1. Per residue, how large is the accessible surface of the range 7-113? Use a 1.4 angstrom probe and give square angstrom.
2. So what J values fall out for the range 126-131 if you push phi through Karplus, 6.51 cos²θ - 1.76 cosθ + 1.60 with θ = phi - 60°, rounded to Hz, Gly and Pro as x?
3. Tell me which of Val46, Gly108, Leu21 sits at the most positive position along the dipole axis of the chain, charges placed on C-beta atoms (Lys, Arg +1; Asp, Glu -1).
4. Antiparallel DSSP bridges in the chain: what percent, to the nearest 5?
5. Rounded to the nearest 500 deg cm²/dmol, what is the calculated helix-only ellipticity per residue at 222 nm for the chain, with -39500 (n - 2.57) per DSSP H run of length n ≥ 4?
6. Normalised by the residues of the range 123-242, what does the relative contact order come to in percent, with Cα pairs under 8 Å and at least six apart?
7. Over the Cα atoms of the chain, what is the Rg over Rh ratio if Rh follows Kirkwood?
8. Within 10 Å of each candidate Cβ there may be at most 14 other Cβ atoms; applying that plus a DSSP loop requirement, which GluC sites (Glu not before Pro) in the range 34-142 survive?
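The values are calculated or read from the model by the stated rules, or taken from the named source; none is laboratory data. Keep in mind it's a predicted model, so treat the numbers as computed, not measured. Positions of Cβ are generated from backbone atoms using ideal geometry, with glycine treated the same way; all protein chains shown enter the neighbour counts. SASA here: full protein model, heavy atoms, side chains in, ligands and nucleic acids out. Shrake-Rupley method; radii C 1.70, N 1.55, O 1.52, S 1.80 Å.
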Amino acid sequence: MEESRNPGKIDIKSLTYQETLEYVTTLGEKSFRGKQLYEWMHVHKVPSYEEMTNLPKKLREELKEKTTYTSLKKVDCQISKEDGTRKYLFALEDGNVVESVFMRYKHGNSVCVSSQVGCRMGCRFCASTLDGLLRNLTASEILDQIYSIERDTGERVSNVVVMGTGEPMDNYDNLVRFIRLLSDEHGADISQRNITVSTCGIVPNMRRLAEEGLQITLALSLHAPNQEKRLELMPVANKYHITEAVDACRYYFEQTGRRITFEYSLVGGVNDSQQDAKELAELIRGINCHVNLIPVNPIKERSYIQSNRTVIEAFKNKLEKYGINVTIRREMGRDIDGACGQLRRKHISMT
Ligand code: SAH
């Protein structure tokens, strides 16, 4: 059973459909009560037990006493005037805050969720990691980000990317539980094909993920064409060599048949030369993949700058010459605190 962060209490929204039915029967109720409960949580996505009007009052009281029902408080929401992107800051029960982003695309609405409070990976260009890791998020707290945004916007979310603050492969069990809940047909029912998990390259867990029998997209934050340059940007490369991370992607494709995404943040004068593009093409040759080029989002704590437009275009063209599928990521919500972790940091430094 899922112990919640409150000792002795069950984290009810992190239970799978089957576990919810079983739990409710241990309280002496018929299992259809479990079905009703699951629907309130994951179909209607209500923020508390009070709304669950067709559950007997006695059961609701008992649940309140014995379980934790997580919910998030909206602390801030910045709305882009350019493209309607919304950046949310949510407070968790313990007062910690996390960021989530809502984006509208032609193919549907997408939400970017955080998987941890802070991060301990130390990527040099990233704001989320500057204060280290505070704690993991539970499956329910990752789900709550999506549910709260659906309530706030009144719109359905069809795509989810785990690309907010935190390293999902450093919170593996909760992440996998979250994915199973999010794609469960009894509940939120978001297609696994519309879920992407991004990792800085924790190799053993990438391989484990390949064997879970999921159909999600795996994205590797590569950001460099060779080990030497990657080490300068990403300390995780000390632990897992770039070739091991790329091999784990090959394995992921073999196991799942899902095309890999490589993310590559272009940093002016650091990883954006024609030679870098050539080496990158050679590194990932033969992998069924897509490369996402992201102009780095400068953070004030570091001196990294964006590559200029012509350099970015030339980098893209070079990869295409090698037959690699590549896009330049549209920068959504540029007029609001764009880069990962910036809104949260601003909030923390003010309080
Ligand atoms: N920890 C995971 C997911 C979170 S970060 C990972 O590393 O993949 C999501 C993506 O944003 C990663 O590719 C990350 O490297 C990138 N990123 C972080 N800060 C950035 C910045 N300032 N500019 C551009 N991309 C950034």
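1. 47
2. Along the range 126-131, the couplings run 9, 7, 5, 9, 4, 9 Hz.
3. Gly108
4. Here the share of antiparallel DSSP bridges comes out near 45 percent.
5. Theoretical 222 nm ellipticity from helices: -10500 deg cm²/dmol.
6. For the range 123-242, the relative contact order is 25 percent.
7. On the Cα set of the chain, Rg over Rh gives 0.99.
8. Hits after loop and neighbour filter: Glu82.
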